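These notes are about the structure you will find just below.
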Amino acid sequence: MDIIVQKFGGTSLSDEQSRRHVLRHILRENRAGRSVVVVVSAMGRRGEPYATDTLLDLVSQNGGTLPTRERDLLLSCGELISAATLCSLLNSEGLPSVVLTGGQAGIVTDDRYGAARIVKINTDSIVQHLTEGRIVVVTGFQGMTPEGEITTLGRGGSDTSATALGAALGAVVVDIYTDVDGILTADPRWVSNARHLPVVSYEEISNMAQNGAKVIHPRAVEVAMKAGVPIRVRSTFSDSEGTLVTRGESLRNGGVWTDRTVTGLAHVSGVTQLSVVDENGPADLQMRVFRTMAKNGISVDLINVMPTGVYYTVSKNDTPSAIQLLSELDFKPQVREGCAKVSVIGGGMNGEPGVMAVIVEALTNAGIRILQSADSNTTIWVLISEADLAPALEALHTAFGLHLS
Ligand code: ADP
Ligand code: ASP
Ligand code: MG
């Protein structure tokens, strides 16, 4: 049995016309003789009736008083409405189908409500339905604890449901259908001439996703990479092949690997830069700062430790508590809110001289100030003001020739 997993995102399911496109992709694979498992997200985006953000808005005015268990029960409804709607369309077209919730599909998670991890998948039920000739529609983004409690996997988690099912079922491929034509060199909402990438390695897209490229969830890539299941990211609204995500090694051996220094750009906004610098401060200043952040569950990023103090970033949401904790330690942090972190990503930049020079030159020529930077062997990060984000992305995209094929 050749199994294919097809995951459809919210915008692909939001109206009748979009669902017709979804139907077309399912029909094509079904006619090709493949057993089809469909994973769906909740329909549409904030403001549309059953979108995840709309469901959250229903209870937000009550000041976050809904317990996390009940919050997950609420959130799981979006995907269920989507799945049942698609099932009715499939059945009306003469395609027998069945809806399974995450739990019914055998997805077992831990009990971290809102950020649950999949611990195992029992595929018996899905396989049984596929064997009996049904298309199986699974609600994405959710699972069930061994005690039978419904959990959700964190925002964007339907991608992870799809790759985890693909891995457990030994699928030939997991297709992630969305509203863009695959993975591009940058977010097309920010860079007008972002270019389509026909093929990328798991490592490259994992790096882009971890650095804010929303096109696929980083955990979904991690799961597929571990199992060696190929992913294709493609558009619901066209027949183009999209982007194939596979092993870097197999790309090189197959001769299709393009030796690119920089593959793409990603970014995160809503970042705050904190600096605690005091020439006459205590000898253990650095340790005190990071120990307090860690103890209070505040995630820190872009860390620069110097003899006189530290620079680091936190998310917008964590900013008030980070400032409060630092003042309780008697430190007077300098706070710069409204920053964005831009990542220049490429497996080929390792040992390649001149990449930082291109970045600094491009941003300087565009009149953009770099507030902080850091690097690894595959990524260079620069912190800039959020107001400079669009021109910075355009300038870097052009400077690295990412618009050229
Ligand atoms: P879905 O609802 O289908 O899961 P998402 O909004 O989660 O869709 O992801 C698709 C969006 O990801 C695109 O509309 C695009 O704006 C954004 N995106 C960010 N970075 C990239 C990138 N490098 N390539 C393609 N799309 C990207
Ligand atoms: N509906 C969920 C969300 O909006 C899961 C997903 O779309 O992947 O986060
Ligand atoms: Mg998504």
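A short reminder: the numbers here are calculations on the coordinates, not readings from a lab. A quick note: this is a predicted structure, and the numbers were derived from the prediction, not measured. Cβ placement follows ideal geometry from the backbone for every residue including glycine, while neighbour counts extend to all protein chains displayed.
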*With contacts defined as alpha carbon pairs under 8 Å and 6 or more residues apart, what's the relative contact order of the chain in percent?*
13
_Whole-Å distance, taken between Cα centres, linking segment 159-182 and segment 318-343_ = 38
*How long are the three semi-axes of the equivalent ellipsoid of segment 352-405, in whole Å, if each is the root of 5 times an eigenvalue of the C-alpha gyration tensor, listed from largest down?*
17, 15, 10
*All-pairs alpha carbon distance profile, segment 95-157, 5 Å steps from 0, percent*: 4, 21, 28, 21, 14, 9, 3, 0
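Using unit Cβ charges (K, R positive; D, E negative) and no other charged atoms, how large, in debye to the nearest 20, is the dipole of the chain about its Cα centre?
I would put it at about 440 debye.
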*Please grab the % of Cα pairs in segment 291-405 that end up more than 26 Å from each other.*
29
*Length added when fully stretched, Trp190-Ser315, from 0.36 nm per residue minus Cα-Cα*: 42.9 nm
_Distribution of pairwise C-alpha distances over segment 32-129, 10 Å bins, in %_ = 14, 38, 33, 13, 2, 0
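Loop-only GluC sites (Glu not before Pro) in segment 140-243, please: DSSP not H, G, I, E or B, and at most 10 other Cβ atoms within 10 Å. Provide the component values of the computation, followed by the final result.
On the way: sites: Glu147, Glu149, Glu203, Glu204, Glu222, Glu241; in loops: Glu147, Glu149, Glu241.
Hits after loop and neighbour filter: Glu147.
From the Cα trace of segment 175-252, what convex hull volume per residue do you get, rounded to a whole Å³?
Cα-based convex hull of segment 175-252, divided per residue, equals 85 Å³.
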*Put one equal scatterer on each alpha carbon of the chain, apply the Debye formula with no solvent term, and list log10 I(q)/I(0) at q = 0.11, 0.12, 0.14 1/Å to two decimals.*
-0.89, -1.03, -1.29
*Under the Karplus relation 6.51 cos²θ - 1.76 cosθ + 1.60, θ = phi - 60°, what is the ordered set of whole-Hz ³J(HN,Hα) values for segment 377-386, x standing for Gly and Pro?*
6, 10, 8, 10, 10, 10, 9, 9, 6, 4
*Please figure out what share of the DSSP beta bridges in the chain is antiparallel and state it in percent, rounded to the nearest 5.*
60
_How long are the semi-axes of the equivalent ellipsoid of segment 301-353, defined as square roots of 5 times the Cα gyration tensor eigenvalues? Whole Å, largest first._
29, 15, 8
